[in-house]
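Report on the structure given below.
Each reported figure results from applying straightforward, stated rules to the coordinates on display, with no laboratory input. These numbers were taken from a predicted model, which means no experiment stands behind them. Because the Cβ atoms are built from the backbone with ideal geometry, glycine has one as well, and the counts that use them run over all protein chains shown.
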Amino acid sequence: MPLAHNLKKVSKNASKSTAAIHIKGRKFKQLNRATLRDKKLQHRKALLHERKSNELSVVFHIQAILKEQRTDATEFTLEEIKEMIAGFIERDAEELERLRSERRKGRPATNRQTLLEEKVKHEWSVFETGFKVPDLSDPVTVERVREWNGTTGATTNMKFIRISKDMTEFPTQEVEMK
């Protein structure tokens, strides 16, 4: 079985021949496989990037709250963290309410309204099972969140925990940021 080559290498190799590539030929099949492989890798990369940006948006929100409050608090209680998560989930509440009020009676919801409603519903269900947030009960992590530069790599030195809606005490183990 031949080794998998990236699309650039296969297309360069296929372009070396001066003749046209026949649709049932070996070069065409190699080029087709490499193209499909490249599309699959790009799709996976886009999904990973989207998931990472969704996870980082919680950290952005918490960082904004910490900078906005301008308090020198080094530790936060579980209830304060839950309030921050609830605030994150309800961040689009004003726009959603505006979209609902602008819609005429008997008309279907706009695509934007439907997307926002689904997003809020999904985030509340995630909050019930466990939302992954920085451990704000740890003073070192609070300081790192305040000084965070917004990159994915800078989150590796933060401690993350899962907080659920019904939780009464802090979890004992931290969660890895993947």
Next item on the list: Please report, in debye to the nearest 20, how large the charge dipole of region 87-139 is about its Cα centre when each Lys and Arg carries +1 at its beta carbon and each Asp and Glu carries -1 there.
Entry: 580
Item checked: Rh (Kirkwood; distinct C-alpha pairs) - region 1-69, Å -> 15.3
Note to self: For the chain, I need the span (max minus min coordinate) of the C-alpha atoms along each principal axis, in Å, sorted largest to smallest.
What the structure shows: 71, 52, 27
Next item on the list: Using a 10 angstrom cutoff on alpha carbons, build the Gaussian network for the chain and name the most mobile of F88, F131, F28.
Entry: F28
Item checked: Total charge dipole magnitude, the chain, about the Cα centre, Cβ charges on Lys, Arg, Asp, Glu only, Debye to nearest 20 -> 2620
Checklist line | Mean Cα-pair separation over length for the chain, i.e. relative contact order, pairs under 8 Å, 6 or more apart, % | finding: 20
Margin query: Apply the Karplus curve 6.51 cos²θ - 1.76 cosθ + 1.60, θ = phi - 60°, to the phi angles in region 43-60 and return the couplings in whole Hz, x for Gly and Pro.
Written below: 5, 4, 5, 5, 5, 4, 5, 5, 5, 4, 5, 5, 5, 6, 5, 5, 5, 4
